[in-house]
Amino acid sequence: MPDSLADIAVPLPLYNTFTYLVPPELQALAKPGCRVLIPFGKKHLSGVIVASPERSTLVGLKYIKDVLDLTPSFSSEMLELCRWISEYYVAPFGEVLKAALPQGLSLEGKRIVRLKVHDPLSSPTSPVDLSRKQLSILDALRVKDGQTIPQLQAKTRARNIHATLNEMARQGLVDIEDRIPQPKVKVKRERVVQLSAQGLDLLAMKTPVDKLTAKQTFILNAIGKSRRPVREILQAVGTTSASLKTLGLKGLLSFEEVELKRESLYENLEPPPQIVLNAHQQAAIQEIEKTVEAGAYKAFLLLGVTGSGKTEVYIEAIRKTLAEGKTAIVLVPEISLTPQTVRRFKAHFGGDVAVMHSHMSMGERYDSWRAARDGNAKIVIGPRSAVFAPLPNLGLIVVDEEQEASYKQFDSVPRYNARDVAIVRARSHQAVVVLGSATPSAESYHNALEGKYRLLELPERVDNARLPRIDIIDMAQERKRALDVMKQQAVVEGKGFPKRFPRSSVSQLLKEALTQRLEKKEGIILLQNRRGFSHVMECYDCGFVERCDSCDVSLTYHQTKKHLRCHYCGFVKPPPTVCPQCRSAELRLHSFGTQQVEQELSELFPTARIERMDLDTTNRKGSHDKILQRFGKREADILLGTQMVAKGLDFPHVTLVGVISADTQMMLPDFRASERTFQLLTQVAGRAGRRSQAGEVIVQTLQPSHYSLKHVVSHDVKGFYEEELAYRKELDYPPFSRIVLLEFQGEHEQDVHRHAKTFADYLDSLNREKCFIVLGPADAVIPRIRNRFRKHVILKDLRRLDPAGASMRLALVKARQQYDSSPLGKSRKVRLIVDVDPQGMM
């Protein structure tokens, strides 16, 4: 049988695929979608077969070494989806495929260096004249033989170490070998034991007990007629494995290796509540079920006020999907929402539910991924990466809180938006996608108005619950009143007016409302969308601000660890006792973080039980769930946190929601700032009064007249989007255009600017149809992070001139090719990041 060909994508930042030969003995297994082990340069990698070409004009092709999958890791539909992501988000195909697989499955060979001659001076065949670099490498290997090349480079600090090692290998001083590691994740197995037929007869006293000790008889009775884990029997009986081995040799026991499913965090189930649907929910479900039954693609925007019962609509839609023999994916925007969501769905669908998110171990995620691929799970729930769940016969995708920016991957390749990927995947599967929100994105709402999505509305809360009353507090006026009171007290007491006056994060109205709710033992949620204690440490006398040495940002003071920290690079330093600039002791902390709010609340309400939920308190596995469970069981009175507490949480006893500062999102230099503010405040307000008790929301701000707050107070979603879309249309912002953010990063500002300007010039020259606008280059909002300068070029593609974005995307690909082949692109001194449809412009 002649060799066949395979095009393989590798998990590296390379935009092209690579053709390999497939030897006859592997051809039956080497199918598109399978992972294979290939030689790549001087090492070995695992790649994915993406095509099987019939012929190639290339010469000197290498053979694949092995096929790693018995069944393909990617179906043909998933390969096409990943190809679309690669093309739309301008991301290397191999890196997209890597992102779609569970972490730990990719393999990369390691080159191990070993000593061949321990003492080259005493060896007649070894060169005597060695360089200082070679001697340092030999010294490092004498201390520890068998090291990787990066380990040797770190220890010797040798430049051009590969060339040096190659020369040493030629001289016979060292051996360099490739080592292929095992995958980091694999099926977890355990040994189980059961009685053989002879053992069962013995247990039933059908054969006489011959030469068995009392302990052996006890072991047989402990195992009984069941099959039990060996570790469990050893622990229960208090014996050793040697005793079991002896019984096995006597033919009384049989052993077997079985798969052990890793335990899930969400197994504590309550009986499912009976779902009673109102007329609006029933109408929405009928529309969705009709489309599911027809087996046709359609996108629905489920626009429902907070507490209107969107989850019940999801559950009934999934019930219909399973009845049709199909599967479903449920996407949630935050890991913090996963526990509540999973428990609700498991109460209805039990073991058909699998969970995928980054706080699970690699093994747990691998088990969930295999359960989905093998048909053992019919519903997958998780944040954005769950959109890649390899479910067969997909019938429904639910995207809850579809407006959330967390659906967009912003910190690594591929920078995809899971909501948009869900729509593309549903279309390819002829499935239904339901986008649910009380405050949809401007893009989705516009698509519904244009008829691209079918709009379904839930205008009322379930159980006849009322929307909460919302009060706006002007914190500037609040501070003036506090200052006037202090002045009056100073006059009465005959004291001079203090140089500094205390600032409170809690207004008088919020303080009174907190007191009332604590007395009634009702639940309270407080939002401060900024973690840490204080974001600014400033000298009162000269205005000096503590800033990061590596980033153009102020340092945040963390009370728990008593240090200043940069939230961008992780730089930490102790806080100064005097100003480094003028030596004044008048240092003050302002710009409240969650830690400072927590401290103030503890002083105001010393008996209140406060749970703080932010990145600092939820960095351990299961921490989200534990905090929410304690609050749900009323073991805490106040749940204080960042935006983690704003969305999707359903606690019937919560009657008060307070927003410490509405300005943290509103004043960002981003065209989505007003939309994000409206969404966040509306969402967190919706946590109050979700049952029979009336809810109250108090929003503190320095911008009380901002138009987004006006619509928040009146619960006017449609009014806000009408105003917001008019503003977007006037300035050609999405949804009336597409935005591509090109970021250039480097150690030298002039180099970064030159690279950015060159790329912008390429784009301008390719814009023959004038269907897009090139803005920049300009400094990023934060010009320097981790000692790397940042310049932005913004590409604004006008939908009225380029409806599908084809012209812009072609120009972008050509510009990147020109840039990569130019001397600047080959220099590798400046990093280019392409972010299509960015959710932030910082």
**Complete:** Restricting to aspartates and glutamates and to Cα separations under 19 Å from Lys116, and discarding same-chain partners fewer than 8 apart, the set is Asp129, Asp139, Asp145, Glu167, Asp175, Glu177, Asp178
**Prompt:** Suppose R0 equals 51 Å; then what is the FRET efficiency for Ser196 and Ala28 from their Cβ-Cβ distance, rounded to the nearest 0.05?
**Reply:** 0.85
**Message:** Between Glu512 and Ala283, how high is the FRET efficiency from 1/(1 + (r/R0)^6) when r is the Cβ-Cβ distance and R₀ = 41 Å? Nearest 0.05.
**Reply:** 0.45
**Item:** Spin-label pair Glu635/Arg319, simplified geometry with 7 Å Cα→Cβ offset, distance in nm
**Value:** 3.3 nm
**Message:** Nearest 500 deg cm²/dmol is fine: what mean residue ellipticity at 222 nm does the chain get from its DSSP H runs of n ≥ 4 alone, each adding -39,500 (n - 2.57), divided by its residue count?
**Reply:** -10500 deg cm²/dmol
**Fill in**
By the rule of no other cysteine beta carbon under 4.7 Å, the lone cysteines of the chain are Cys34, Cys82, Cys569, Cys771
**Prompt:** Using a 1.4 Å probe, what is the accessible area per residue for the chain, in Å²?
**Reply:** 47 Å²
**Asked** Want the number for Thr213 to Arg828: 0.36 nm per residue separation, take away the alpha-carbon distance, what's left?
**Response** 214.0 nm
**Complete:** Env charge @ Val90, Cβ radius under 14 Å, K,R +1 / D,E -1, value -1
**Request:** Straight distance only, please: which aspartates and glutamates reach the Cα of Lys511 with their own Cα at less than 14 Å, same-chain residues fewer than 8 apart left out?
**Result:** Asp471, Glu478, Glu519, Glu598, Glu600, Glu603, Glu696
**Asked** Which is the longest part of the chain that has none of the GluC sites (Glu not before Pro) sitting in a DSSP loop with at most 11 other Cβ atoms within 10 Å?
**Response** 55-262
**Request:** Normalising by the residue count of segment 498-657, find the relative contact order in percent from Cα pairs under 8 Å and 6+ residues apart.
**Result:** 31 percent
**Label-to-label distance, nm, for residues given as Glu493 and Phe410 (7 Å Cα→Cβ offset)** = 4.5 nm
**Complete:** Per the 1/(1 + (r/R0)^6) rule, R0 = 56 Å and r from the Cβ atoms of Glu749 and Val276, FRET efficiency to 0.05 is 0.35
**Asked** Given a cut-off of under 8 Å on Cα pairs at least six residues apart, what relative contact order in percent is computed for segment 589-733?
**Response** 20 percent
**Request:** Run the numbers on the chain and let me know its relative contact order in percent, using alpha-carbon pairs under 8 Å that are six or more apart.
**Result:** 9 percent
**Asked** Where in the chain are the DSSP H helices whose alpha-carbon span along the long axis reaches 24 Å or more and whose Kyte-Doolittle mean is at least -1.0?
**Response** 475-493, 749-766
**Prompt:** For segment 354-478, which whole-number percentage of the solvent-accessible area (1.4 Å probe, protein heavy atoms only) is attributable to carbon and sulfur atoms?
**Reply:** 44 percent
**Message:** Using all alpha carbons of the chain, what is the percent of pairwise distances in each 10 Å bin, ordered from the shortest bin to the longest?
**Reply:** 2, 10, 16, 21, 20, 15, 9, 5, 1, 0, 0
**Request:** Note down the nm distance, to one decimal, between modelled labels 7 Å out along Cα→Cβ at Asp820 and at Gln693.
**Result:** 5.9 nm
**Asked** For a label point 7 angstrom out from the Cα of Leu615 toward its Cβ, which stretches of segment 575-597 have the backbone nitrogen within less than 17 Å?
**Response** 592-596
**Item:** When each of Lys43/Lys133; Lys408/Lys826; Lys188/Lys562 is checked by Cα-Cα distance, pairs over 32 Å
**Value:** Lys188/Lys562
**Asked** Of Lys346/Lys626; Lys290/Lys310; Lys378/Lys621, which ones are farther than 20 Å apart at the Cα?
**Response** Lys378/Lys621
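The values are calculated or read from the model by the stated rules, or taken from the named source; none is laboratory data. Treat the numbers as computed from the prediction; the structure is a model and nothing was measured. Every residue, glycine as well, gets a Cβ built from its backbone with ideal geometry; the counts of neighbours run over all protein chains shown. Note: areas computed on protein heavy atoms with side chains; ligands, DNA, RNA excluded. Shrake-Rupley method; radii C 1.70, N 1.55, O 1.52, S 1.80 Å.
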